[in-house]
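Okay, so here's the structure we're looking at.
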Amino acid sequence: MATHAPRLLRPARRPAAHRRATRLDEHLPVDHRLSRVYRAGAGLMGLVLLAFGVLGLIDRIGFFDTGGDTVAGLSTNGALSVLSICAGLLLFIGMVLGGNFASTLNMVIGIAFVLSGFVNLALLDTGMNFLAFQIQNVLFSFVVGLLLMMFGMYGRVSGGLSHDNPYWRARHPEEVAREEQLARRRQVEEMPVVGPPSSGRRV
């Protein structure tokens, strides 16, 4: 009778749709470099916005006043001051929580600032300029938005992420498993071989 060799079963690849989303705090300590960057960006930008908003409220500018009152060279009113304080407090929350939350929050608020710059640029010379924007405010909005997006995307969306990056590892589970297998194999090969004790007699 012909015998059939047993077929080797290969482990099935997990489909990409079932890959679990990466959580920074599951892979790295809280004080990892990526988390520190996200915290620092949120804290720095939050402090700038909070200071701008508080100074606007201290000057008791009207809520929708468009009379050209300025704080630190930027036109403002009560509504813009309150919005700046709210954005600053949100960023401080991101600074405290860190991790993925801070990264995502930086990106979301950064995109909102860039969009706000475009919208208010179109409303500069209209009666709907309720936030009293001037061209310097538009430029400030663009700068803050781009900085927040840069802080939020750092180490997360670049095409040249290192292989110990948690986001790269989550996107390439097959390569991670292969690298770990090669590392274990090298460790086994580098282990010193201990031979049997010598049974020779001394003369």
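LEU123 satisfies every condition listed in (1) farther than 20 Å from VAL54 by Cβ; (2) open to solvent by 50 Å² or more (accessible area, probe 1.4 Å) except (2).
Of all residues in the range 111-151, those satisfying the criterion of being within 13 Å of LEU74 (Cα to Cα) and within 25 Å of the chain's Cα centre (by Cα) are VAL138, LEU139, PHE140, SER141.
So, ASN137, is that one of a type outside the set (A, V, I, L, M, F, W, C) and touching a residue at least 60 places away in the same chain (Cβ under 8 Å) or not? Here the answer is yes, as ASN137 does meet what is asked.
Name the residue, out of GLY88, GLY98, that is among the small types (Gly, Ala, Ser), open to solvent by less than 60 Å² (accessible area, probe 1.4 Å) and at pLDDT 90 or above. Step through it out loud before you land on a result.
Numbers: GLY98 fails: at pLDDT 90 or above.
On inspection, the qualifying residue turns out to be GLY88.
Contact map, the range 36-51: residues that are aliphatic (A, V, I, L, M) paired with residues that are at pLDDT below 95 and open to solvent by 40 Å² or more (accessible area, probe 1.4 Å), Cβ distance under 6 Å, separation 6+ or inter-chain. Pairs shown: VAL37/TYR154; ALA42/MET95. If you go through the range 28-42 one residue at a time, do you hit one that is hydrophobic (A, V, I, L, M, F, W, C), modelled with pLDDT of 70 or more and open to solvent by 30 Å² or more (accessible area, probe 1.4 Å)? Among the residues of the range 28-42, at least one is hydrophobic (A, V, I, L, M, F, W, C), modelled with pLDDT of 70 or more and open to solvent by 30 Å² or more (accessible area, probe 1.4 Å), which makes the answer yes. Considered as a group, the residues in the range 70-85 that are more than 24 Å from ALA42 (Cβ to Cβ) and not small (Gly, Ala, Ser) include one that is modelled with the lowest pLDDT, and that residue is THR70.
The values are calculated or read from the model by the stated rules, or taken from the named source; none is laboratory data. This structure is a prediction, so every number in the text was calculated from the model and none was measured. Reconstructed Cβ throughout: ideal geometry from the backbone, glycine too, with neighbour counts over all protein chains shown. Quick note on the areas: whole protein, heavy atoms, side chains included, nothing else; ligands and nucleic acids left out. Shrake-Rupley method; radii C 1.70, N 1.55, O 1.52, S 1.80 Å.
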